[in-house]
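Read the structure below first, then the notes.
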Amino acid sequence: MAMRLQEVHPALVHFPLALMPLSIGADLVGRTTDSDALMNLGKRTMPLAVAGGLVAGVAGLMAQSQVQAEGKALEQLKTHRTLNLGLVIAATAMAAYRARTEKPGLGYLLAGLASLAVLNYSAYLGGSMVYQRGVGVEAADGVRAQPPVPELTTHTARDAVRTAWTDLEKGIQTTVEESAKGDLVPAIVNRGGEDGAAARGG
């Protein structure tokens, strides 16, 4: 069976999830052991983590236009999105810093460890949305029914690209509108509350 648009994001997130810890870990151990090879690895892999995060983020903005999320699942989606946008910004700043330095400073390493904690929590939210709440899972009614999402095949490539572009525009618009209202991390702010009745607009 061919991959659908909402399935591209979870396929791509493994790159930043692997590369960012690799970069921070290599810098941390390299600075501790004074290993130039490890610090060079940390320096070179942070830009790759940024690139992976950007690509996964674009796919995530497209995916949110295809999935069905309500209540707590919607809160998790918004929080997951906000944290990941923040992580891409932070990683970009860290990559710029490392491009100018041979050895990571203490502040950089502490910022890196904090970023990994946020990355881990955001990844938990992504997994919870899928495995606990069925977001993006067709059998659990976690995918929008209309219009149907085209499969990514050579025969449907044009429709898939057109749908992907529309979904990206819609994802950016939704992100801007919800962020402007201050609806950034409801899964953290509303922790422990009852499931909301608000549903994502079609």
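The values are calculated or read from the model by the stated rules, or taken from the named source; none is laboratory data. As the structure is a prediction and not an experimental result, all values here were calculated from the model. Counting neighbours? That spans all protein chains shown, and the Cβs are built from the backbone with ideal geometry, glycine included.
Say we look at region 1-17 and pick out the residues that are within 20 Å of A91 (Cα to Cα) and touching a residue at least 24 places away in the same chain (Cβ under 8 Å); which of these is surrounded by the most Cβ atoms within 10 Å (Cβ to Cβ)?
Checked region 1-17; the qualifying residue surrounded by the most Cβ atoms within 10 Å (Cβ to Cβ) is P16.
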Worksheet item: Among the residues of region 96-106, is there at least one that is under 29 Å from T33 (Cβ atoms), touching a residue at least 24 places away in the same chain (Cβ under 8 Å) and within 10 Å of the chain's Cα centre (by Cα)?
Response: no
Item to complete: Please verify whether region 162-173 includes one or more residues that are modelled with pLDDT of 85 or more, within 16 Å of L83 (Cα to Cα), buried (at least 16 other Cβ atoms within 10 Å of the Cβ) and of a type outside the set (S, T, Y).
Response: yes
Item to complete: Could you please find all residues in region 177-192 being assigned to a helix (DSSP H, G or I) and either closer than 18 Å to M129 by Cβ or not aliphatic (A, V, I, L, M) (or both)?
Response: E177, E178, S179, P186, A187, I188, V189
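Does region 79-93 contain any residue that is touching a residue at least 12 places away in the same chain (Cβ under 8 Å), under 22 Å from H14 (Cβ atoms), in a helix (DSSP H, G or I) and over 16 Å from the mean Cα position of the chain (by Cα)?
So the first thing to find is which residues in region 79-93 are touching a residue at least 12 places away in the same chain (Cβ under 8 Å), and the list is 79-88, 90-92.
Restricting the remaining residues to those that are under 22 Å from H14 (Cβ atoms) gives 79-88, 90-92.
Those left that are additionally in a helix (DSSP H, G or I): 79-88, 90-92.
Narrowing the set further to residues that are over 16 Å from the mean Cα position of the chain (by Cα) leaves none.
No; the residues of region 79-93 include none that is touching a residue at least 12 places away in the same chain (Cβ under 8 Å), under 22 Å from H14 (Cβ atoms), in a helix (DSSP H, G or I) and over 16 Å from the mean Cα position of the chain (by Cα).
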Worksheet item: How many residues does region 44-74 hold that are in contact with a Lys or Arg (Cβ under 9 Å, 6 or more places away or on another chain) and either buried (at least 21 other Cβ atoms within 10 Å of the Cβ) or under 18 Å from I172 (Cα atoms) (or both)?
Response: 13
Worksheet item: Among the residues of region 120-134, is there at least one that is modelled with pLDDT under 85, assigned to a helix (DSSP H, G or I) and surrounded by 12 or more Cβ atoms within 10 Å (Cβ to Cβ)?
Response: no
